[in-house]
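The values are calculated or read from the model by the stated rules, or taken from the named source; none is laboratory data. The structure displayed is predicted, hence computed values, not measured ones. Glycine gets a Cβ as well: all are built from the backbone with ideal geometry, and neighbour counts include every protein chain shown.
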Amino acid sequence: MFNKMDPGYTILVYIVWFLSTYFIVVFLLALFRNRDRLYDSPELNENKELPKVSIVMSAYNEEKKISESIESLKSIDYPKELYEVIILNDGSVDKTSEIVKKYADGKHIIFVDNEKNKGKAACLNQGISLARGEFVACMDADSIVLEDVLKKTLPYFEDKEMGAVTVSVEVKNANNFLQKIIQIEYILGLSLFLKVFSSFNCIHVTPGPFSIYRKLVLKEINGFDKNNITEDLEIAYRIHKADYKITNCMNTCVRTITPHNFKGLYRQRRRWYSGALLTFWQHKDISFRKRAGLFGYFVPFNYALIILGLGLFLLSLYLFFSNIIRNFSFYSLTNYNFFSNLLWNFDILNMSIFVFFGVFGIIGMIILVTFGLNATRNAQKKKVSVYFGYFLLFFMYQFFWLCSFFLALFRKKVRW
Amino acid sequence: MVANKGIFITAAIITVMLFISIYSFNMFLNTQRERVVIERMEQVIDEYQEIQALSLMSDAFGKDMTCLSLEKRLAHMDKTLWDTGIKIDRYREVTEKFIMDPFYIDQKKKFNRNEVIYLSMLKGMKDWCEFNQTVILYFYKKKEDCLHCDDQAFVLTDLNKEIDSEIAIFSFDSNLELPSIDTLELFYSIDSYPCIVIEDDTYCSLHDKNQLTARLCDYRNLSICSWEKIK
């Protein structure tokens, strides 16, 4: 029977610990080196001719949120004649269409009413084909942007190799504990991590809530992949493949909604993770490709860590439960006299090397979260419950990854 | 924001150093574990020599003078041996299996030999000094060869905690293939594992606490031999 001292398990612990610690150390080193420059962004030269921008938004049954979203777009601090908003109804069955029609003027806000639902990526492509701007921003209909979103992001495109710019993604209304924890995850994962990854040109996703692209690049790579359920992730791979860069601007943000319960979170992550796996498989040729630069190493490293980490998690879970069952069977032989074999004296010599690796792993995570939150401006207070929740989320993600592996492996259809 | 590629090398060096630190700390703990086991074994040998001296004294000065202190010594040694056996097993558990651990195998052999010596002494003293400890021999093999040996060890540990002064348990690892243990196995007709010998009678199968208590109570009226406890 498999046990914790099996060579395979021991080696797996070593590999996962090494890879995850290496990842944390690289991240922390890059963060320390750039901690004073995280919020630096190039200034928009308003003396120069400003470029025209198109903001494309696909909407499906968004009657409750789309007004707020359009209002935020209307208040963007950028000359009105230089940006247009293209809203595409994706076959909504609620009042989305009626609401948007009230805003549409055919010039500044253009409305395209698709009666049939054709999917987000296809809708965005339709919007891109209509766009007249030199730059195209794609945005979710349940999100709101800050006024300075264009002024902060457009200057990055001075670099001719820049293909896309992402912004910080924040949670719009974090009411319950789950949403507050996800808020931290977004602050770290969809803002700070992307900013740090951008220093290696390793941004792997252009988040759907708001990302801005050079239109020429979108044309060159034929827009979004309409067969992919994580089109914002997939397009990042093709931007890298086309030798363009992606960067992140932490100086502005998009605020989006987040699941408010476990079921909603599970649905969201099932889509994200199975989409991520299928995208990786679709673009596996990018792995170790010299032309892709560090991104070609970052992607396989990332997925190797996820797969091995999940394997380790499952084996550890098996050990944990088999140990509990074994102990119960032991105690059944002694009339469940639970106190007879309890040892209260602490002896460090009774601890295996796994305990030390585990403790170091937890310390590494705490350092990562603490320094990460310290480096960001909009971080919430660092309470013990926040750390506890973050670790809880980490365990939940293993379950989500497992389900997503199953879905990806058997090519099960994942819906929005 | 640009990161120097040297970060990857620096990070690799830091990670390797952290890994080595944890690994070295565990190696240090391994030496400490070995030291504890060696100290325990030395303690067992010291006690064994003391008992041997008392035994010789009883030959020369008569049993009345030495039996009392011999009984105390033997009870103490019984506990020392039991604790040492548990320590060896625990430390072995937390030591990596795939790296050969000849130290623990060696210590386990020494430990088992000492048990045989102690058993032989106890058997000699028992009748002469009229000791009333119930002697239990426990023969076991490793988990892969014996499905219920861990279960039986758990029951015996539980029992030993409850009536330590009334019983003397000797556990013998049959995987060590020591001639002395082989001889004992032959003598007591051990044909399967786990196997328990109570006062020279052999019972080879898993016994839960109730079954074992009932068997023990057939031989002597121990403190656990009330009807409520046996049921």
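The residues listed here are B:SER171, B:SER180; of these, the one that is in contact with a helix residue (DSSP H, G or I) (Cβ under 7 Å, 6 or more places away or on another chain), within 21 Å of B:ILE88 (Cα to Cα), small (Gly, Ala, Ser) and in a helix (DSSP H, G or I) is B:SER180. Does B:ILE51 fit the bill of being more than 8 Å from chain A (Cβ to nearest Cβ), surrounded by fewer than 16 Cβ atoms within 10 Å (Cβ to Cβ), among the hydrophobic types (A, V, I, L, M, F, W, C) and touching a residue at least 60 places away in the same chain (Cβ under 8 Å)? Judged against the criteria, B:ILE51 is not a match.
For B:GLN43, the stated conditions do not hold, so it cannot be described as away from chain A (no Cβ under 14 Å), within 17 Å of B:LEU122 (Cα to Cα) and surrounded by fewer than 19 Cβ atoms within 10 Å (Cβ to Cβ). Screening A:LEU28 with (1) among the hydrophobic types (A, V, I, L, M, F, W, C); (2) touching a Phe, Trp or Tyr at 6+ places or on another chain (Cβ under 9 Å); (3) under 22 Å from A:VAL149 (Cβ atoms) gives one miss only, at (3). In summary, helices (runs of 4 or more DSSP H) completely within the range A:195-284 and bearing 2 or more residues that are surrounded by fewer than 18 Cβ atoms within 10 Å (Cβ to Cβ), modelled with pLDDT under 95 and away from every other protein chain (no Cβ under 14 Å) occur at A:262-282. The single condition among (1) surrounded by fewer than 19 Cβ atoms within 10 Å (Cβ to Cβ); (2) part of a loop (DSSP other than H, G, I, E, B); (3) more than 14 Å from chain A (Cβ to nearest Cβ) that B:CYS217 does not meet is (2). Counting the residues of the range B:1-40 that are within 7 Å of chain A (Cβ to nearest Cβ), not in a helix (DSSP H, G or I) and not small (Gly, Ala, Ser) gives 2. Take A:ASN327 and tell me if it is surrounded by fewer than 17 Cβ atoms within 10 Å (Cβ to Cβ) and under 29 Å from A:LEU392 (Cα atoms). Taking the combined requirement at face value, the residue satisfies it.
None of A:PHE339, A:PHE330, A:PHE298, A:PHE320 is touching a helix residue (DSSP H, G or I) at 6+ places or on another chain (Cβ under 7 Å) and of a type in the set (Phe, Trp, Tyr) except A:PHE330. Of the residues making up the range A:5-23, those that are among the β-branched types (Val, Ile, Thr) and either at the interface with chain B (Cβ under 7 Å from one of its Cβ atoms) or surrounded by fewer than 17 Cβ atoms within 10 Å (Cβ to Cβ) (or both) are A:THR10, A:ILE11, A:ILE15, A:THR21. The numbered conditions (1) touching a residue at least 40 places away in the same chain (Cβ under 8 Å); (2) in contact with a Cys (Cβ under 9 Å, 6 or more places away or on another chain) are all true for A:ALA141 except (2).
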